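Q: Below you will find the structure I want to go over with you.
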Amino acid sequence: MPVQGQSYTFQFPAVSSGSPGVKISPVWASGDAKITKPGAAPVNMTNLPTNNGGGNSQVVLTAAEMSIGLTDGQVGEILIEFTNGIMVPLLGVTIEIAFNGPGTLTAAERALQSAAIDAAVADNFAAVLAAIAALPAAPSAAANAAAVDTAVADNFAAVLAAVAAVPASPSAGDVATAVDSAVADNFAAVLAAVAAVPAAPTTSAIAVAVRDVSVDGDRTLGEAAALAAAMPANAGEVPITAAGGVIKFRNAANTADLIVGAISSTGVRTFTVPAP
């Protein structure tokens with residue numbers, strides 16, 4: 001914006017009055033350019049317009065012509081007009097001028113004002129730093145997603161109730177507020193559910209659980225494996241043909257019978273597993 005008390009160059013097109021739309025380069029004479037300040041009559045401008053070529057002209061307003069008595073914070077206007085016998089007149093062209101100066105403050109007052117501003121910034125800088133330092137660390141995106149998922153899953157009924165309470169055709173903000181409220185109201189339950197999640201089982205615990213699985217109602221998988229390990233390599237090839245014949249499968253230490261096979265006098269073959 002043009003500034004009070006500073007010279008200003010105003011550019012404008014010179015269009016032929018006899019051939020509309022055709023730009024010209026007129027010859028300027030005294031009285032062709034006038035300026036009107038607030039509350040004053042039009043007067044000739046100090047400088048006549050000059051032609052820039054191609055039908056564009058300009059005029060330089062002096063610092064005195066740009067001074068209209070503005071004070072701190074004010075904006076004013078001047079009117080300029082251009083008339084020439086061969087161009088379309090430009091009448092009542094408004095130029096806004098802004099005040100841009102030291103205002104009514106003295107140098108000492110401006111110094112005091114600057115010092116007060118500096119002091120206000122300095123006095124509150126430590127408080128600003130402390131407030132920033134007190135901000136919690138930002139959680140990861142995965143942590144945020146897990147927390148929201150847990151809250152929604154553990155409190156689904158509460159979330160549905162909150163959503164059902166949203167008015168018809170809610171805005172995106174209404175829905176967000178309802179969901180936030182549901183999550184916030186059940187935050188303690190969410191924390192309790194998270195705390196109740198069991199720790200991941202160890203490799204040893206998994207091995208013990210597999211070992212103790214029942215395979216036939218009487219033996220565990222561990223016992224069956226031990227029994228299989230105790231069988232001799234030719235266990236399936238030992239014949240029992242004579243009445244009263246017996247075959248035994250012993251443990252690895254050869255201290256106990258694991259399976260006893262026998263044939264009775266009537267030819268009945270039986271296999272028994274002695275009590276441990």
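Read-outs throughout are calculated quantities, based only on the coordinates presented, and are distinct from any laboratory measurement. All values derive from a computational prediction rather than experimental measurement. Cβ placement follows ideal geometry from the backbone for every residue including glycine, while neighbour counts extend to all protein chains displayed.
Q: Gln58 to Met1: extension gain in nm, 0.36 nm per residue of separation minus the Cα-Cα distance?
A: Answer, rounded to one decimal: 18.8 nm.
Q: Next question, about the same structure. For labels at Thr36 and Ser214 in the simple 7 Å Cα→Cβ model, what's the distance in nm?
A: Each label point lies 7 Å from its Cα, and together they span 11.1 nm.
Q: Can you pull the one-decimal nm distance between simple spin-label points at Asn51 and Asp257, each 7 Å off the Cα toward Cβ?
A: A separation of 13.5 nm, rounded to one decimal place.
Q: Expressed in whole Å with the largest first, what are the equivalent ellipsoid semi-axes of the range 8-98 derived from the C-alpha gyration tensor as the square root of 5 times each eigenvalue? Don't skip to the end; give the middle numbers.
A: Values: eigenvalues 135, 30, 27 Å².
So the three semi-axes of the range 8-98 are 26, 12, 12 Å.
Q: Now a separate question. For Ile97, list long-range residues whose amide hydrogen, built 1.01 Å from N in the peptide plane, is under 5 Å from its own amide hydrogen.
A: Amide H neighbours of Ile97, under 5 Å, 5+ apart: Gly76, Glu77, Ile78.
Q: With θ taken as phi - 60° and the coefficients 6.51, -1.76 and 1.60, list the Karplus ³J(HN,Hα) couplings across the range 34-48 in order, rounded to whole Hz; mark glycine and proline as x.
A: After applying 6.51 cos²θ - 1.76 cosθ + 1.60, I find 10, 10, 10, 8, x, x, 10, 7, x, 9, 5, 6, 4, 10, 7 Hz.
Q: Based only on other Cβ atoms within 10 Å, what is the fewest-to-most ordering of Lys34, Lys248?
A: Working: Lys34 16, Lys248 13.
Neighbour counts put them in this order, fewest first: Lys248, Lys34.
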